[in-house]
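Undergrad: This is the structure I want to talk about, given as structure tokens.
The values are calculated or read from the model by the stated rules, or taken from the named source; none is laboratory data. Computed from a predicted structure; not experimentally measured. Neighbour counts are summed over all protein chains in view; Cβ atoms, including those assigned to glycine, are modelled from backbone coordinates with ideal geometry. Accessible surface areas use protein heavy atoms only, side chains included; no ligands, DNA or RNA. Shrake-Rupley method; radii C 1.70, N 1.55, O 1.52, S 1.80 Å.
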Amino acid sequence: MDKAERLALFQMWFSDTIPHNKALGLKVIDARRGFASMQLEWREEFVGNPETGVLAGGPLTAMLDGCCGMAVATMLKEPMPFATLDLRIDYAKPATPGKTVIAEAECYRITSSVAFTRAFAHHGDTKDPIAAAAGTFMLGTKGQVTQAQSIGAETKI
Amino acid sequence: MSALLERLAQVRKSGDVGRLAEAIPYARWMKIAPENGTGELLTRMRYHGDLIGNTFLPAIHGGTLGAMLEMAAIFHLLWETETETVPKIVNITVDYLRSARPVDVIASAKVTKQGRRMVNVFAEAWQDDRSKPVATANAHFLVKSSDDAPPSL
């Protein structure tokens, strides 16, 4: 499977078939083992302050949660249901109105029960973040495994 | 004065607290609005299909729960405290306790500590049973700050 095919699969299972990610228009731009990246286009309905056009925290929270989850999925050699246990977001500076936001997430440690992730959101310069996130995920939660949670095994990433 | 603070002044006169959300495009889009029918200020996120994060369970996307807890904290600060500025969020930590089913989510918030510049807020979200929260959050907000201070709202 080449990179374009792999990204198309990630786009399908992490955005097009997850209603909220699709509603945000999240686009998968990179995925490799332990790493995931997505982008969010600025839209009027994502604005928290109509006078400045600055994004609300919500779209960033949802994007960072999704991106951290995708980084976890790349680490799973066997498909397994998982769920966010906690998520911390530090809002470092306001997003610039009209500009695309990029999220990059890393899953830096995975155990039999828990996966640990970190992520940043920025406008293209990782050294100048809009937000930083730390998320932990509980592995082996109840329910059926989703295609998104099977992607590590499916792409052998 | 910002449109949101103007709206707050109108809402204080009319008592129609739900109209606070109309000044925030993201709150309108997400169908998140405050209500005080019970005498307590609560924030409701009305269920709609775009909130789903897991179609298999099905369950509401964790990011939307974080978003509505943040909005609940903001509405609480606007309504219950004598703020002269729109609170600016510094950070939020969300704990996910249960998967959220495809129905409305309701949240309450309370100030844990009010400082001169910084406020610490706790918020809690539930669905049908308030004693079984689906998520809780702690957040910090700057309530008086210079223009170059952080974040979003």
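Undergrad: Please compute the net charge surrounding residue B:49, taking Lys and Arg as +1 and Asp and Glu as -1 over other residues with Cβ under 14 Å from its Cβ.
TA: Values: positive: A:22, B:31, B:46, B:101; negative: B:50, B:104.
For residues surrounding residue B:49, the net value is +2.
Undergrad: At a temperature of 37 °C and a viscosity of 0.692 mPa s, determine how fast region B:18-81 diffuses translationally according to Stokes-Einstein, using the Kirkwood radius over alpha-carbon pairs as Rh; express D in µm²/s, rounded to the nearest whole number.
TA: On the way: Rh = 12.3 Å.
So the translational diffusion coefficient is about 266 µm²/s.
Undergrad: What pairs in A:27/A:77; A:142/B:88; B:31/B:144; A:93/A:156; B:31/B:132; A:22/A:99 have C-alpha atoms more than 26 Å from each other?
TA: Numbers: A:27/A:77 24 Å; A:142/B:88 37 Å; B:31/B:144 28 Å; A:93/A:156 37 Å; B:31/B:132 22 Å; A:22/A:99 19 Å.
Over 26 Å Cα-Cα: A:142/B:88; B:31/B:144; A:93/A:156.
Undergrad: Write down the Å³ per residue value for the convex hull defined by the alpha carbon atoms of region B:41-117.
TA: Numbers: hull volume 7.8 nm³, N = 77.
With only Cα atoms used, region B:41-117 gives 102 Å³ per residue.
Undergrad: Taking the Cα centre of the protein assembly as shown as the origin, how large is its charge dipole in debye, to the nearest 20, when only Lys and Arg (+1) and Asp and Glu (-1) carry charge on their Cβ atoms? It would help to have the intermediate numbers written out before the result.
TA: Details: 34 positive and 34 negative charges, 90 e Å.
Its charge dipole is roughly 440 debye.
Undergrad: When the Cα atoms of region B:2-133 are enclosed in a convex hull and the volume is divided per residue, what value in Å³ results?
TA: On the way: hull volume 14.4 nm³, N = 132.
With only Cα atoms used, region B:2-133 gives 109 Å³ per residue.
Undergrad: Counting Lys +1, Arg +1, Asp -1, Glu -1, what net charge surrounds residue B:101 among other residues with beta carbon under 13 Å of its beta carbon?
TA: Counting the neighbours of residue B:101, the net charge comes to -1.
Undergrad: Which value, to two decimals, describes the C-alpha radius of gyration of the protein assembly as shown once divided by 2.2 N^0.38 Å?
TA: Working: Rg = 18.7 Å, N = 310, 2.2 N^0.38 = 19.5 Å.
This ratio for the protein assembly as shown stands at 0.96.
Undergrad: Distance between Cα centroids, region B:57-111 to region A:110-157: provide it in whole Å.
TA: First find each Cα centre; the distance between them is then 22 Å.
Undergrad: Estimate for me the total accessible surface buried between chains B and A (protein heavy atoms, probe 1.4 Å, no ligands or nucleic acids), in Å² to the nearest 100.
TA: 3000
Undergrad: Ignoring ligands, DNA and RNA, please state the percent of accessible area on chain A from carbon and sulfur, probe 1.4 Å. Kindly include the intermediate steps, with their values, before the conclusion.
TA: On the way: 3490 of 6490 Å².
So the carbon and sulfur contribution to the accessible surface is 54 percent.
Undergrad: Could you do me a favour and compute the accessible area per residue for region A:43-103, 1.4 Å probe, result in Å²? All intermediate terms of the calculation are to be shown ahead of the outcome.
TA: Details: 1940 Å² over 61 residues.
The answer is 32 Å² per residue.
Undergrad: Let me ask something else about it. Would you report the distance distribution of C-alpha pairs in chain A as whole percents per 5 angstrom bin, up to the bin with the largest distance?
TA: 2, 10, 20, 23, 20, 13, 8, 3, 1, 0
Undergrad: Calculate the FRET efficiency for residue B:103 and residue B:80 from the Cβ-Cβ distance with a Förster distance of 30 Å, rounded to the nearest 0.05. Before the final figure, lay out each step's value.
TA: Details: r = 26 Å, r/R0 = 0.88.
Efficiency for this residue pair is about 0.70.
Undergrad: Can I ask one more? Per the helix-only calculation at 222 nm, which mean residue ellipticity applies to chain B, given -39500 (n - 2.57) for every DSSP H run of n ≥ 4 and division by its residues, nearest 500 deg cm²/dmol?
TA: Details: 3 runs with 37 residues, N = 153.
Estimated from H runs of four or more residues: -7500 deg cm²/dmol.
Undergrad: Pairs of alpha-carbon atoms within less than 8 angstrom and 6+ residues apart define the contacts here; what relative contact order does region B:13-153 have, in percent? Before the final figure, lay out each step's value.
TA: Numbers: 275 pairs, mean separation 31.6, N = 141.
About 22 percent, as a whole number.
Undergrad: Helix B:62-80 versus the longest principal axis of chain B: what is the Cα-based angle in degrees, 0 to 90, to the nearest 10?
TA: That works out to roughly 30 degrees.
Undergrad: Work out the length of the dipole vector of region B:1-146 about its Cα centre, built from +1 on the beta-carbon of each Lys and Arg and -1 on the beta-carbon of each Asp and Glu, and round it to the nearest 20 debye. Please list the in-between numbers first.
TA: Numbers: 18 positive and 15 negative charges, 50 e Å.
Magnitude of the dipole: close to 240 debye.
Undergrad: For region A:54-146, what's the radius of gyration and Dmax over Cα atoms, in angstrom?
TA: 13.9, 41
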